[in-house]
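Chemist: Questions regarding the structure given below will be posed in turn.
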Amino acid sequence: MSAGQPINQSGSTPGSGGGPARKPIISVKGLVKEFDARPVLDGIDLEVYSGETLVIMGGSGCGKSTLLRCLIGSLIPERGTVEMFGADISKLDEQRMDEVRKRFGILFQSGALYNSMTIAQNVALPLEEHTDLGREIIDIQVKMKLELVGLREHAEKFPAQISGGMKKRAGLARAMALDPAILFYDEPSAGLDPVTSAEIDRLIVRMSKGLGVTSIVVTHEMDSAFTIADRMVMLDKGRVLKIGERAWFDNLRSMPEEHARGLDEQSRLIRQFLRGDADGPITERKAVTNYADDLMGTVAAQLAPPMPSVESTRRFFLRRKNRPE
């Protein structure tokens, strides 16, 4: 990348030759998601290809988690489409959406295990609920999944009896229970020590490269991102700043300072995030934020009606979207 080169939002590495077209397993087009008429995602275009690991990154509040919830069908967008396995999931009824859900797994930040169940029972649950397999076959499947994540000897322990890193690995085993084609990871390294984080990264790579699972990872941990990613997406204020190969971001991160001075503002912003520098466009933007507007925005957010806590968010947004004017 030369000094001052503008960023390219296409999925290919700048300057690389075009290869044969690949059909995406997930395709996002013109995605807009709003809360209280404020856009959180503002026109996201994104494609994910079978077998790759795509890392979605950006600062706090950039829309990473909202994008993830749209990708799994938990939130319904105001505009745009999210196609998975060739179907627009925002238009599916609950029965058809349940069939799609069986084809992907999710590793939540906390692991989201059921505390009243053993690790083995947590992993067995999807098999019991969604297959007709007998008890012996389920037990074999559970042992195989726990062996993949190095927890077979801890099968009879409860979540309270294992560490945070082990909970993440148990959550991954449960996400893999139905042999999904896609795995979603929400901040898989959050709250973990460096060694445990490296173990989780190695598991993600093993799932993708060894089993051919497509992985979408939401994270702001840069060491982890550069370890696992095939391609990376940088979000800022609900928009895509850059989609590209890991090498593009690595070159930008390691670029000599004298060359970096000639970059355009968006490239400098991405570089600051990748490097974790204290000075740059991100901090300059925070410094000029109007305090009064921020204060009134906070007050308005506190006065806004709360989101329903019992009704599923997907069903709530479907009902609201289809409500007659």
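Values quoted throughout were computed directly from the atomic coordinates according to the rules given, and no laboratory measurement underlies them. Quick caveat, the model's predicted, so the values are computed rather than measured. All Cβ positions, even for glycine, are placed from backbone atoms using ideal geometry, and neighbour counts span all protein chains on display.
Chemist: As a footprinting exposure proxy, order VAL32, VAL82, VAL195 by other Cβ within 10 Å, with the fewest listed first.
Modeler: Final ranking by Cβ density, sparse to dense: VAL195, VAL32, VAL82.
Chemist: Any chance you could check the Cα centroid distance between the range 240-283 and the range 94-152 for me, in angstrom?
Modeler: 40 Å
Chemist: To continue, here is another question. Among 115-127, 165-177, how do they line up by average Cβ neighbours within 10 Å per residue, starting with the highest?
Modeler: The packing order, highest mean first, is 165-177, 115-127.
Chemist: Could I ask something else about it? Taking 0.36 nm per intervening residue step and subtracting the Cα-Cα distance, what contour gain separates GLU265 from MET144 on full extension?
Modeler: 38.7 nm
Chemist: Between ARG152 and ASP250, what is 0.36 nm times their sequence separation minus the Cα-Cα distance? Round to one decimal in nm.
Modeler: My answer for the length gained is 31.6 nm.
Chemist: Viscosity 1.002 mPa s, temperature 20 °C: give me the Stokes-Einstein translational D for the range 24-245 in µm²/s, with Rh taken as the Kirkwood radius over C-alpha pairs.
Modeler: Reported coefficient: 120 µm²/s.
Chemist: Evaluate the distance, in nm, between pseudo-label points positioned 7 Å from the Cα of GLU129 and of ARG22 along their respective Cα→Cβ axes.
Modeler: For the pair GLU129/ARG22, the computed spacing is 3.1 nm.
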